[in-house]
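Following: one structure in structure tokens, then a few remarks.
Derivation of every value follows stated rules applied to the coordinates shown; laboratory data play no part. On a predicted model such as this, the values are computed, not experimentally measured, just so you know.
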Amino acid sequence: MSVQAMSWVIQNSTHKGNSLVVLLMIANHAKSDGTDAWPSVKTLAREARVSSRTIQYTIRRLKKSGELNIQEGAGPAGANLYSLPKMGAQNLRTVPHSSTQANCIGGAQTAAEGGATTIAPEPSFDTTVINLQRRAVPRTPERTSRKETDARCPRYTELIIQCYRFLNNREDPPFDASDTKQLSLVLKACPSLTEEKFRRMLENYANSENINPAARPREFLPKITSYSAGPLDKYGRPKAREVPERALSPRDKLRAQLGESGSTGRLYQ
């Protein structure tokens, strides 16, 4: 577990929702400099409370953004090796080697002027970086509480993705931070919305006539509650339920047959 790597992700990552949670879980397995993390997809899915397919999709997005580096098969037993490249680059800018040398030289000169013959040992680069990062740790709980997301988000995101695939021949939706933000707004407006009710809304939406199957989640989520009662027709009104035909009694069937044959409709003449 690396508090330093997780602290860096919380303070510097530009991602939100599932992407931020997955990046935090990877940082949790990394060293203090953000390297040497090799959790499996199954482990990340369990820790982030999402499906394995969502983990694979999210890892590709994180790599594309430049906040995650992947070395396929470079970890133990052929596992993928993950690292946070931007964290290492920021640490290099924060404590340059030249400034460390200057501090050590200044300390040696001061000792010489005082008459001491012992030269102060030069501190290692890694120790300086870790000490700087440890001073930022106490601020971590406060920042985390302000960015805390709804616990229902990962599961409800899976339901949205399943609905989109059903409408678009199993094609994955273009789900990004804007879609996650819209889902968070819906959950905030409906704190008592259960998974069963949300699933029923999505089913009614998928069976309605006034929808665009290719619409992004951020486009149809603002009006998803209008499908709570049932599917809508092309005018946005509740679809009329089909009433099954009333079963005819034997007497009514006989009357219908006699009427079609041209008789007077009487059983006996």
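Applying the Karplus parametrisation 6.51 cos²θ - 1.76 cosθ + 1.60 with θ = phi - 60° to the phi angles of region 184-190, what ³J(HN,Hα) value in whole Hz is obtained for each residue in order, glycine and proline being reported as x?
The phi angles translate into 4, 5, 5, 5, 5, 6, 10 Hz.
Past 19 Å, Cα to Cα: identify those pairs from 16/63; 16/181; 16/188; 188/239, in the order given.
188/239
Taking amide H atoms as placed 1.01 Å from N in the peptide plane, list the residues 5 or more away in sequence, or in a different chain, whose amide H sits under 5 Å from that of residue 232.
208, 209, 210, 239
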